[in-house]
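Asks: This is the structure I want to talk about, given as structure tokens.
The values are calculated or read from the model by the stated rules, or taken from the named source; none is laboratory data. Every value quoted in this text rests on a predicted model; they were computed, and no experiment measured them. Cβ placement follows ideal geometry from the backbone for every residue including glycine, while neighbour counts extend to all protein chains displayed. Protein only, heavy atoms only, side chains kept; ligands, DNA and RNA dropped before computing areas. Shrake-Rupley method; radii C 1.70, N 1.55, O 1.52, S 1.80 Å.
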Amino acid sequence: GEGYRKRMPLSFSKEQTQELATSYACMILADCDAKINDENIFKLLKAANVSVEPYLPKLFAQLLVGKDLMEMFSKVGGAPAGAAGAGGAAAGGEGGAEKKEEKKEEEEDDGGFDFDDDDESDEE
């Protein structure tokens, strides 16, 4: 009700909300090292029970072909990614072994998403 509006003064149009949801889906796929294509975007939005115009997943997928979202995120604001990584490695010591094990676990469960680039031509 009204309490929510007072705490969250932002309001978005239906179109803005759909674009934002599609953007978040792309970011989630990039963070999971999943292939960013219209099928995976649609699957993720459907799993989140979010409806968007049918053209949005395809549009966003086409806009991101050949782009590395994680690289884009690392270049926005704050300390350079290399500096942050160096500090964590110096403090952690054994972090490398844990990351390898974690990566292996992630690879085993693909969550139903297509991680292969089999259906796209290599236009990079």
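Asks: Out of all the residues in region 24-39, which are open to solvent by less than 80 Å² (accessible area, probe 1.4 Å), farther than 14 Å from residue 59 by Cα and part of a helix (DSSP H, G or I)?
Replies: Of everything in region 24-39, those that are open to solvent by less than 80 Å² (accessible area, probe 1.4 Å), farther than 14 Å from residue 59 by Cα and part of a helix (DSSP H, G or I) turn out to be 27, 29, 30.
Asks: Okay, next question. With 71, 15, 94 as the choices, which residue is surrounded by fewer than 10 Cβ atoms within 10 Å (Cβ to Cβ), modelled with pLDDT under 95 and among the charged types (D, E, K, R)?
Replies: Step by step, each of 71, 15, 94 is checked, and only 94 is surrounded by fewer than 10 Cβ atoms within 10 Å (Cβ to Cβ), modelled with pLDDT under 95 and among the charged types (D, E, K, R).
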